[in-house]
Amino acid sequence: MKFECAAQDLVYGLVNATRALSSRPAMQILEGVLLRTEEDGISILCSDGSLSIKADVKAQVSKPGEVVLPGRLLTEIVRKLPEGTVSFDMNEKMAVAIRCGQSRSTITGMAADEFPQMKDLVNTHAMHFPQKKLKDMISKVTFAIALQESRQALTGCLMEMTPTELRLVGLDGFRLALQVYHDDFVLPEGKTELKAIVPGRVMTELSHIMSDDNSMATFHFDTTHMMAVLGNITLVTSLLAGEYINYRQILPSNWLTRVSVKRKELQEAIERASLMAKEGKNNLIRMKATDGNLKITSNSEMGDVLENLDAHLEGEEIEIAFNSRYISDVIKNVDEECCTLSMNTSVSPCVISPLEGESYLYLVLPVRVYN
């Protein structure tokens, strides 16, 4: 195998492909990155057994071949190379010489025979989403995905697709995050809805790969796998099995209290109150909504905090308490100027939503407080 390419292109491909590497690989071969020559360049493939990421890089190929090299070591070597053209030349003992300018390194590789192949879903139905919008939606949902859960489905993000909207849902038992994107989507023939539970880690890596421009991401689904094509990066992952919680049943259908407030003022007040709450035993902040006012308090043995905000109240006055981290995580993921908090009682869920429309919805469970 022998090829040369731009060092910058190679770094981009390696950084994205190695996102699939596991910190605890099941086999030694999965610590590696598979380099394979193609017709007009090379492909870089990494896998942890369930997630595979492939990057295509333009290159001038002098001799075809393939080899598995240590993934993280290779990436660090290439990242520190000077700008310019880098060449790879492998001998019969699978030792690869890497040259760029006055720099030369040699790495011994492994045969590619046992490296897992990437599942191909190209012939399945394709769906297209704008990368910038999807990236933003993912960033506002992943914080609510369960990290460790006896119900494995909750460690994933639910993707729901209908002919008119895309929904992303994260739920960990204490809060729920929902992002909605309205557009016209073409589903497979005979389907009125598509659902997939994508591992939370995969959604995070997807958002890191996605660009901030208006380019489109192409998704393919079958019953067990998802493939995402983002320019010259292709990601394939196993989907999580099982049923996701019917989150619609959790959402209250009516309200006794609605409080509308400026989001920035609310976020800053919660952050200040949280500083004191973290010094306490239960990390609590309390909210009391009255006509024209939202009072936020916290206390600990170190002292106390009182915040008063202008607010518009509809319905009954209420006093309610939250874990400061859970309510703070939600509010900082709202980017509209104003938001609405809808509640029924001090022990029932609080729903945070926009003043108009349904582009997002967050639900936070309160903490029962005994006076």
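None of the figures in this text is laboratory data; all of them are computed from the coordinates on show. These figures come from a predicted structure and were not determined experimentally. Every residue, glycine as well, gets a Cβ built from its backbone with ideal geometry; the counts of neighbours run over all protein chains shown.
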**Item:** For segment 152-185 and segment 347-363, distance of Cα centres in Å
**Value:** 14 Å
**Asked** Roughly what percent of Cα-Cα pairs across segment 233-371 reach past 24 Å?
**Response** 33 percent
**Asked** For Glu268 and Glu38 in one chain, what is 0.36 nm times their gap in residues minus the Cα-Cα distance, to one decimal in nm?
**Response** 77.5 nm
**Item:** Principal-axis tilt of helix 263-277 within the chain, Cα atoms, nearest 10 degrees
**Value:** 90 degrees
**Complete:** From the Cα centre of segment 286-331 to that of segment 189-211, the distance in Å is 35 Å
**Fill in**
In degrees rounded to 10, the 0-90 angle between helix 200-209 Cα long axis and the longest Cα principal axis of the chain is 70 degrees
**Message:** Counting other C-beta atoms within 10 Å, and keeping those with at most 12, which DSSP coil trypsin sites (Lys or Arg not before Pro) do you find in segment 284-369?
**Reply:** Arg368
**Prompt:** Considering the chain as a Gaussian network with a 10 Å cut-off on Cα pairs, which listed residue, Ser238, Ser211, Ser50, attains the greatest mean-square fluctuation?
**Reply:** Ser50
**Asked** What are the semi-axes of the equivalent ellipsoid of the chain, taken as the square roots of 5 times the eigenvalues of the Cα gyration tensor, listed largest first and rounded to whole Å?
**Response** 48, 23, 18
**Asked** Quick one: which of Lys2/Lys54; Lys140/Lys191; Lys119/Lys195; Lys281/Lys332; Lys288/Lys332 span more than 22 angstrom between C-alpha atoms?
**Response** Lys140/Lys191; Lys281/Lys332
**Within the chain: Cβ-based charge dipole about Cα centre, in debye rounded to nearest 20 (Lys, Arg +1; Asp, Glu -1)** = 920 debye
**Message:** Please compute one quarter of the surface area of the Cα convex hull for segment 18-82 and express it in square nanometres.
**Reply:** 4.8 nm²
**Cβ-based charge dipole, the chain, positive-most Cα from Ser253, Ala111, Met287** = Ala111
